[in-house]
1. Let me confirm one metric for peptide A:206-219, namely the mean number of other chain beta-carbon atoms within 10 Å of its residues' beta-carbons.
2. Taking each residue in B:186-193, count the Cβ atoms of any other chain within 10 Å of its Cβ, then average. What number comes out?
3. Would you mind ranking A:ASP194, B:ASP89, B:ASP77 so that the residue whose beta carbon has the fewest other beta carbons within 10 Å leads the list?
4. Which order results if B:THR118, B:THR82 are arranged by neighbouring Cβ count within 10 Å, fewest first?
5. Taking 7 Å along the Cα-to-C-beta vector as the label spot, tell me the B:ARG44-A:ALA109 distance in nanometres, rounded to one decimal.
6. Calculate the length of the line joining the C-alpha centroid of the stretch B:87-104 to that of the stretch B:127-154, in whole Å.
7. Assuming R0 = 22 Å, what is the FRET efficiency of B:ASP85 and A:GLN187, from their Cβ-Cβ distance, to the nearest 0.05?
8. B:SER25 to B:GLU52: extension gain in nm, 0.36 nm per residue of separation minus the Cα-Cα distance?
Protein chains: 2
Amino acid sequence: MGQGGYELLWGNPAGPGRGRPAGLSRERIVAEAVAIAAAEGLPRVSMKHLAERLGSGVMSLYRHVPGKDELVALMYDSIMSTPPDLPADQGWRAALTAWAHAVRDLFLAHPWALPLATVNHVLGPGEAGWLDSAMRAVGASGFATDLSLASVMAVNNYVGGAVRPELHGGQEDPLWFTFLADDGAMQRFPALADLVTEGHFQESALLRDHFSFGLERLLDGLERYLEPGSGQGASLT
Amino acid sequence: MGQGGYELLWGNPAGPGRGRPAGLSRERIVAEAVAIAAAEGLPRVSMKHLAERLGSGVMSLYRHVPGKDELVALMYDSIMSTPPDLPADQGWRAALTAWAHAVRDLFLAHPWALPLATVNHVLGPGEAGWLDSAMRAVGASGFATDLSLASVMAVNNYVGGAVRPELHGGQEDPLWFTFLADDGAMQRFPALADLVTEGHFQESALLRDHFSFGLERLLDGLERYLEPGSGQGASLT
DNA sequence: GCTAATTAGCGTACAGCATACGCGCACGTG
DNA sequence: CACGTGCGCGTATGCTGTACGCTAATTAGC
């Protein structure tokens, strides 16, 4: 799974040879695969289906892509081809906030990509660009490099987890707590039962904006560590 | 994918019928599947391989499990059958810290389960128990229910993302930054290049303990929100 | 312009996967 | 002893990714 994918992601496209010209291209294949994943889901991206969409034979794809796993790795990196625009003159917190929301928007736009982020993979040029943009923005405030990376990683780790619940239904999954309506589950999980009896999920702004809530808490904590002097109060923005 | 898995996870085991007694059982199947995943990885859990391990025919499994997807859902929930022990009398922060490390240990013990956590799934009794234990511990400090849930979710979201880098090689993946040794990648990603030229990844305690670092920052931020009065300093523990 | 080298396109074949169907058998109950 | 219920499972089907080798198209050298 992406073990030998290093040269694949970083290798040069190899100049125009002297043989038969290519009708297909790696870019066209990857782009069409991403389109299928967006429209029909990642499981529908099969070599057969993909070839049909491209009007080519199945095995022709293997002239441009070593295999399915590598294709998926290319799909994943391709959605990060352009790093986000971050505010440059408003400090690290504003930059990290913008970055976190950009990452979130990216995975909301490409729901199929989130599980791939959780799997170990080789860092491609796209993802490197996103990482670099965050590191530059934080490093501009003068922090040590490892401290910058640890902060960016903390935010990145949080965002990956926080986006997941938003992918399914929009708000917090109603199916999740169906079981509480049943028999003795209320006694088995009293703290969860409170959620239902108190009727949250419909009203709570905290839960509707749980992404921003957690992000602000994390940034508050980073701020306390990075700038021990500033004694800001906490507020939900 | 776990769409109709609701009754599966929460349904009763159905009393002993009056037909031929079952040699196989759902529990034995799930336990063996977990053992295979632990020893050989999740992709090796195929119905054929699983049946061979159990000394039964392939199709016999379908008498006890509706299908592969549901089996995986049962595997996932089964590793959370016993909720963690949390310190009850040391406040919400100690409890959440212990809970976060328990979740981390769980996924380190079952690396195959982490990608499943990222995918949308029906909440099973095991995961509900873990969630409930955290909610009870935080709720004991008297916070509103939705605030407790938002805090627990924030920690849970962070943990899921932070465990991933630890699964691959132990420390931060060396392969990740191989490309920086190459050509003009150093100019393309200057902030990442600094990481290499400064020689972190070998020495930085911050990066070695990035899990704890991010967790402490998040908990600091939650503390500032939940207990605005306490003006604790920040420290890396 | 002809020939040789190079490369793209792709049909066929194969191993592996989940699983629908239906038969036969073992057991508890009458 | 016979009945019926539920279990074990062999067979068959359609899907998956991909190794192999042939054919066609184009360019480089003569």
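No lab work stands behind these numbers, since they all come straight from the coordinates. Keep in mind that this is a model prediction, so the values were computed, not measured. FYI the Cβ positions are ideal-geometry reconstructions off the backbone, even for glycines, and counts take in every protein chain you see.
1. For this peptide, the per-residue mean of nearby foreign Cβ atoms is 6.
2. 5
3. In increasing order of surrounding Cβ atoms, one gets B:ASP89, A:ASP194, B:ASP77.
4. By the 10 Å Cβ count, ascending, the order reads B:THR82, B:THR118.
5. 4.1
6. Cα centres, the stretch B:87-104 to the stretch B:127-154: 11 Å.
7. Given R0 = 22 Å and the Cβ-Cβ separation, E is 0.60.
8. Result: 8.2 nm gained on full extension.
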